[in-house]
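Novice: Below is a structure I'd like to ask you about.
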Amino acid sequence: MTVRIRTITFDCQDPYQLVSFWSQVTGFKEDPDDINLPEHTEALLRGQDGMPNLLFIRVPEGKQVKNRVHLDLTPVDAEPETRDAELARILALGATIVDDRRRPDRNGWIVLADPEGNEFCLERGVSGQ
């Protein structure tokens, strides 16, 4: 038997802030019948083409350690210029660089953090991978 990931859930302090950030990064959309509002304790984004949903849930306790779930993002066009442009776009949305693992041949990845410190990677693999 196989399973698929239906929802990736993030505990957070501000679901509305993160749903806005991740919507702009991924292009995932709100459910038009259940829009996300700042006062809600949960915020949901629906994936496209069978991709998982992203759910953000407000929790009272502050973050003590970094999250252990990492999302690996790859631009649709894996050319280095595309990844560099995508990096600039994501940084402008409020992400920060945690670590830069690009090699001299420009393959590799950049570890980023969203506004609440959840880490994710922006990748570019070797051609043919």
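Novice: Top mean-square fluctuation among ASP114, ASP99, ASP33, Gaussian network model of the chain, C-alpha springs under 10 Å?
Specialist: Answer for the Gaussian network model of the chain: ASP33.
Novice: For the charge dipole of the chain, defined by +1 on Lys and Arg C-beta atoms and -1 on Asp and Glu C-beta atoms about the Cα centroid, which residue among VAL111, ALA88, ILE57 has the Cα displaced farthest towards the positive pole?
Specialist: VAL111
Novice: Tally up the carbon and sulfur contribution to the accessible surface of the stretch 1-119 as a whole percent, 1.4 Å probe, everything protein left in place.
Specialist: 53
Novice: While we're looking at this one, here's another question. I need the Kirkwood Rh of the stretch 1-65: take the reciprocal of the average 1/r across all distinct C-alpha pairs and report it in angstrom.
Specialist: Hydrodynamic radius (Kirkwood, Cα pairs) of the stretch 1-65 is 12.4 Å.
Novice: Okay, next question. Given +1 on the Cβ of Lys and Arg, -1 on the Cβ of Asp and Glu, and no further charges, what dipole in debye does the stretch 1-113 carry about its Cα centre, rounded to the nearest 20?
Specialist: On the way: 14 positive and 19 negative charges, 88 e Å.
The dipole of the stretch 1-113 has a size of about 420 debye.
Novice: For the chain, what does the convex hull of the Cα positions come to per residue, in cubic angstrom?
Specialist: Cα-based convex hull of the chain, divided per residue, equals 140 Å³.
Novice: Among ILE35, ILE97, ILE57, which one moves the most in a GNM of the chain with springs linking Cα atoms closer than 10 Å?
Specialist: ILE35
Novice: Also, quick follow-up: How large is the accessible surface per residue of the chain, computed with a 1.4 Å probe and reported in Å² as a whole number? Numbers along the way, then the final one.
Specialist: Values: 8100 Å² over 129 residues.
Computed with neighbouring chains in place, this is 63 Å² per residue.
Novice: Just want to confirm a number: the relative contact order over the chain, from Cα pairs under 8 angstrom separated by 6+ residues, in percent.
Specialist: 23
Novice: Anyone know which of PRO75, PRO104, PRO60 comes out most mobile in the 10 Å Cα GNM of the chain?
Specialist: PRO104
The values are calculated or read from the model by the stated rules, or taken from the named source; none is laboratory data. Since we're looking at a predicted model, the values are computed, not measured. Using ideal geometry, Cβ is built from the backbone for each residue, glycine included, and neighbour counts are taken over all protein chains shown. Surface accessibility is based on the protein's heavy atoms, side chains included, excluding ligands, DNA and RNA. Shrake-Rupley method; radii C 1.70, N 1.55, O 1.52, S 1.80 Å.
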